[in-house]
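Beneath this line is the structure, given in structure tokens, with notes to follow.
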Amino acid sequence: MQLIINGATHETDVDEDMPLLWLLRDELQMTGTKFGCGRGLCGACTIHLDGRPVRACLTPASAARGKAVTTIEGLSKNSDHPLQQAWIKHNVPQCGYCQSGQLMSAAALLQDNPNPTDSEIDRAMTGNLCRCGTYPRIKAAIKSAGQFVNAAGGNEDA
Amino acid sequence: MPDSSKQIRNVSRRSFLKLTGLAAGGLVLGSALPGWQRPWASPTGGNSELNLFISIAPDDTVSIICHRSEMGQGIRTGLPQVVADELEADWQKVQVVQGLGDKRYGSQNTDGSRSIRRFYDTMRRMGASARTMLENAAAQQWQVPAGECKATSHRVVHTPTGRSFRFGELAAPAASQPVPGDKDLQLKGSDDFRYIGKPVNTVDTPAMVTGAADFGQDVSIDNMLIASIERAPVLGSSIKKLDDSAARKVRGVVAIERLDGGAEPPLFHPLSGVAVLATNTWTALKARRKLQIDWSDSDHLGHNSDAYLEKMQQRVREPGKTITDHGDVQKALASASRDHEAVYTVPYLAHATMEPPSATAMTTDSSCEIWACVQDPQSVQQHVGNALGLEPEQVRVNVTLLGGGFGRKSKPDFVIEAALLSRKMKRPVKVVWSREDDIRHDYYHAASAEYYRAGLDSDGRVTGWLQRAAFPSIGGTFSAGVDHPAGFELDLGFADLPFAVDNHRSETQQAEYHARIGWLRSVANIQNAFGRCSFADELAHAAGKPADRFLLELIGPDRLVDPSQGDYKYGNYGEPLEKFPLDTGRLKEVLRRTAARADLTLRGDQQSGNGEGWGIAVHRSFLSYVGIATRVRVQDNRLEIMEMHAVADVGLAVNPDRVKSQMEGSMIFGMSLALLGEIRMEDGAVSNSNFHDYQLLRMHQSPPLEVELVDSQEAPAGVGEPGVPPVAPSIANAVFAATGKRYRELPLKKHLSIG
Ligand code: FES
Ligand code: FES
């Protein structure tokens, strides 16, 4: 099976039903996409398929055929997506484990809506759990990043 | 193509450094190199070791060992920041290196909110010692008195002439200087602090926002197998019959192995289970579902958590075992003009760290190497060593980042599983716990019932206070026959009553264990503060006084309390009371500030049960004082938390931003347990399985949070845990203010829908 991940083509030989999560983590050693629940309940595994956020734990590898897969490793070329910068500025992460997924959900939100309201942020982010409790900082960081996403016109490396 | 930099390989340090660019000059913090791969900067490769924690490279890079585990509390920043300050290092040139498990570091048990308070002084001395060695080395080079040489901002300057050396230039000569004695160390004055008490960038953040930060679940080793384990659903049962024929047929399955367990007390032993070993996680998980296992009976088969809590509630109403007894409670209660009693319950809780436990091991006949997300690598050395018949020193433990810990990852059962399976397979094995494994096989926070009774005089002052606790002790996990709460659990917000009441008595009641009981962030303070702070609020209403005024009276005059009496010796979180007193003055100050953030006169519509209200709670734990003020709205039986404030006196805050983030996290952790958290057991087995039925607070339920730190120069106290205990009672108190209904049973979702 041929897949395009973060702009690069990968040839893999795995069961077609293997979720992208495990393909990325075990076969390609791209471990930025995290395993939190395996059932679409926590958002830690969030990636983009053709720019839309999906849960990699529920998306079989075959569903990505012919589509652009973007993971946290490909969110920006130089680790400088406005959200990544805002995350550092607000010192968002605690343990950090949920943050790849948070960033990928937030990036998809800002792509559609660079100036989301509180409730729009809540709606887009409610599927992403953070046991450490970084929600208020995530919210603040998303708000401060929105204007820059607009200016940059989105810089996803897909 | 696999990214080879993420594979652990046997490379020499030199080529490793080349591979990763670690030795390059002008090193930046939070390099993308995973924490568990970072080599300890030993004297090889041109680095000079000044002491156990500090080495300096010719290019000026200062490597500082962090020997404690990072799980979101920022310790990989906090401790090195203290070292760097005393060392006069430039933070931009500091590289944090994760220490292996090694008893030379002293305790590495990252638990009990004690990393800073236990190591603050040590880290200052380490920094000061290395600084002195650099200054002495410069003096020798210049042939001038050491007193004329002063380290400042990564250089040593000869003050009379202004000439200077970079730290890197002095590293080698400094390393051969004699180590100064403690009395020759000059510690900095707090006015000269450059990093201590200042917000400093968290070293791991850049890696965390690019996916480069590596956790236990992310470890990958050449030739490694992945194991997924089906464990006995009921404690104490073992495999009776196994049919693994279908599982074996799944492509990619390499082996199926039994793990024998079931012995009690449970200790840190792996549970009985059947491991499916495969070349990838998906195959292991999939094949595991095809296992057919009959489990043997167990004494705990009849355990039902609802019935158990019911029984505990009855028991706590009966006289129990006396722990402390001051004055004459019976008489005080008998002669009180008003008498009030209540029983509070908290269910079993799970840690649910965002990263489920995971460990990787490579075991040979004479050694074992571990890569894992563990809170206590020395305990891993000891317990893995025991399981394999090796000395602790033969077990090398690399600590990864922890995707949350909260106490779960100080229990090394999951690491022993990996070590045993690697021995059987003669190759590296990574054990991956699924979320279901995590929820069903945790070391649970104990289910509890607590009874409180108090007498009030005609002025509404408390004259007698009786309290009784029943919950299965953590002690039962470690020794047979423990069936009452233990002294160390009564230290946590129960027998350490800070109230000026002449007559008070603390008792315990019997509570047998039926599950592995462990410590969860703030431990028994959870139920003890819920009971104590809810009950005090009930008494305030009974006395017809505002909660803050009533509490100030109840706490009484400023004084230092020593809760010890007779056989009950107060533990004070392992610290002497002289250094960390139980100071009612500090508690009252936090109370005043907390109350100032609330409107305690706000009363919702008690008739309809609709409206808004504020609640407060203050509690000392882990030597810190934290108050929480919460505003809630209850409408049509739907509870919404509108805002929450924390006021915290944690002594000196080494890194104020991380202290604040811990308080924010504690409020959200506290809300999860107050509103949603409940593990239920039926027929001995946990009936929850994942985040749909063990719910955690989500963003839309998370209100605006504010944190106020009391400016303090007192010794630094605990930060990671003390924010949790007052959250639940502050919410319950606010709900009462809003509705006139008192909920004494957590979680509140049993009674209200959660908005
Ligand atoms: S791991 Fe995919 S949603 Fe939790
Ligand atoms: S930062 Fe730890 S789970 Fe979100």
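The values are calculated or read from the model by the stated rules, or taken from the named source; none is laboratory data. Just so it is clear, the model here is predicted, and its values are computed rather than measured. Methodologically, a virtual Cβ is constructed for each residue, glycine included, from the backbone with ideal geometry; neighbour enumeration extends over all protein chains shown. What goes into the accessible areas is simple: the full protein's heavy atoms, side chains included, and nothing from ligands, DNA or RNA. Shrake-Rupley method; radii C 1.70, N 1.55, O 1.52, S 1.80 Å.
Within the range B:106-158, the residues that satisfy the criterion of being among the hydroxyl-bearing types (Ser, Thr, Tyr), touching an Asp or Glu at 6+ places or on another chain (Cβ under 8 Å) and either part of a helix (DSSP H, G or I) or under 20 Å from residue B:188 (Cα atoms) (or both) are B:132, B:152, B:153.
Let's see how each residue does on (1) assigned to a loop (DSSP other than H, G, I, E, B); (2) more than 10 Å from chain A (Cβ to nearest Cβ); (3) within 21 Å of residue B:732 (Cβ to Cβ); (4) open to solvent by 10 Å² or more (accessible area, probe 1.4 Å):
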site: B:663; (1), (2), (3), (4): no, no, yes, no
site: B:669; (1), (2), (3), (4): no, no, yes, no
site: B:674; (1), (2), (3), (4): no, yes, yes, no
site: B:691; (1), (2), (3), (4): yes, no, no, no
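Taking the range B:300-419 as the region of interest, the helices (runs of 4 or more DSSP H) fully inside it that hold 1 or more residues being more than 22 Å from residue B:275 (Cα to Cα) and either within 16 Å of ligand 1 (Cβ to nearest atom) or among the acidic types (Asp, Glu) (or both) are B:305-315. Beta carbons closer than 8 Å, at least 6 apart along the sequence or on distinct chains, never pair a first residue in the range B:327-356 that is in contact (Cβ under 8 Å) with a residue 24 or more places away in the chain and closer than 17 Å to residue B:469 by Cα with a second that is in a strand (DSSP E or B) and within 16 Å of ligand 1 (Cβ to nearest atom). Considering the range A:14-57, and only residues there that are more than 11 Å from every other protein chain (Cβ to nearest Cβ) and open to solvent by 10 Å² or more (accessible area, probe 1.4 Å), the residue that is farthest from the chain's Cα centre (by Cα) turns out to be A:16. Taking the criterion of being small (Gly, Ala, Ser) and crowded, with 20+ Cβ neighbours inside 10 Å, the residues of the range B:447-474 that qualify are B:447, B:448, B:449, B:454, B:455, B:464, B:469, B:470, B:473. Pairs linking a residue in the range A:32-49 that is closer than 20 Å to residue B:698 by Cβ and of a type in the set (Ser, Thr, Tyr) to a residue that is near ligand 1 (Cβ under 7 Å from one of its atoms) and part of a strand (DSSP E or B), with Cβ atoms under 7 Å and 6 or more positions apart or on different chains, are A:46/A:55.
Criterion applied to B:650, B:707, B:724, B:735 was being among the β-branched types (Val, Ile, Thr), within 12 Å of another protein chain (Cβ to nearest Cβ) and either within 30 Å of residue B:301 (Cα to Cα) or touching a strand residue (DSSP E or B) at 6+ places or on another chain (Cβ under 7 Å) (or both), and the one residue passing it is B:707.
Determine if the range B:18-25 includes at least one residue that is outside any loop (DSSP other than H, G, I, E, B), modelled with pLDDT under 85, surrounded by 18 or more Cβ atoms within 10 Å (Cβ to Cβ) and among the polar types (S, T, N, Q). Yes, because at least one residue in the range B:18-25 is outside any loop (DSSP other than H, G, I, E, B), modelled with pLDDT under 85, surrounded by 18 or more Cβ atoms within 10 Å (Cβ to Cβ) and among the polar types (S, T, N, Q). In the range A:79-98, the residues that are within 21 Å of residue B:400 (Cβ to Cβ) form Cβ pairs under 6 Å with partners that are within 16 Å of ligand 1 (Cβ to nearest atom) and assigned to a helix (DSSP H, G or I), at six or more places apart or across chains, as follows: A:93/A:99.
Can you tell me which residue among B:171, B:175, B:151, B:212 is under 30 Å from residue B:283 (Cα atoms), surrounded by 18 or more Cβ atoms within 10 Å (Cβ to Cβ) and in contact (Cβ under 8 Å) with a residue 24 or more places away in the chain? Criteria check complete, one pass: B:212. Take the conditions (1) over 23 Å from residue B:67 (Cα atoms); (2) touching a Lys or Arg at 6+ places or on another chain (Cβ under 6 Å); (3) not small (Gly, Ala, Ser); residue B:136 misses just one of them, which is (2). So, residue B:706, is that one under 26 Å from residue B:647 (Cβ atoms) and assigned to a strand (DSSP E or B) or not? Yes. Looking at (1) within 14 Å of chain A (Cβ to nearest Cβ); (2) at pLDDT below 50, which is the one condition that is false for residue B:110? Failing condition for residue B:110: (2). With the requirement that a residue be in a loop (DSSP other than H, G, I, E, B), within 7 Å of chain B (Cβ to nearest Cβ) and more than 9 Å from ligand 2 (Cβ to nearest atom), what does the range A:117-141 give you? Across the range A:117-141, the qualifying residue is only A:126.
Can you report the number of residues in the range B:679-688 which are assigned to a loop (DSSP other than H, G, I, E, B) and either open to solvent by 20 Å² or more (accessible area, probe 1.4 Å) or within 9 Å of chain A (Cβ to nearest Cβ) (or both)?
Just the residues of the range B:679-688 that are assigned to a loop (DSSP other than H, G, I, E, B), to begin with: B:680, B:683-684, B:687-688.
From the residues that got through so far, the ones that are either open to solvent by 20 Å² or more (accessible area, probe 1.4 Å) or within 9 Å of chain A (Cβ to nearest Cβ) (or both) too are B:680, B:683, B:687.
Residues meeting the conditions: 3.
Count of the range A:80-116 residues, restricted to those that are assigned to a helix (DSSP H, G or I) and away from ligand 1 (no atom under 16 Å from the Cβ), is 13.
Can you spot a residue in the range A:72-79 that is within 16 Å of ligand 2 (Cβ to nearest atom) and buried (at least 24 other Cβ atoms within 10 Å of the Cβ)?
There is at least one residue in the range A:72-79 that is within 16 Å of ligand 2 (Cβ to nearest atom) and buried (at least 24 other Cβ atoms within 10 Å of the Cβ).
Could you list, in sequence order, all residues of the range A:117-150 that are within 16 Å of ligand 1 (Cβ to nearest atom) and not charged (D, E, K, R)? A:124, A:125, A:126, A:127, A:128, A:129, A:130, A:132, listed by residue number.
Residue check: residue A:85 meets all listed conditions (1) at the interface with chain B (Cβ under 10 Å from one of its Cβ atoms); (2) crowded, with 22+ Cβ neighbours inside 10 Å but one, namely (2). Sort out which residues of the range B:611-642 are polar (S, T, N, Q) and either open to solvent by 10 Å² or more (accessible area, probe 1.4 Å) or not assigned by TED's automatic domain parsing to the domain that holds residue B:659 (or both), and write them in order of number. Residues satisfying the conditions are B:635, B:637.
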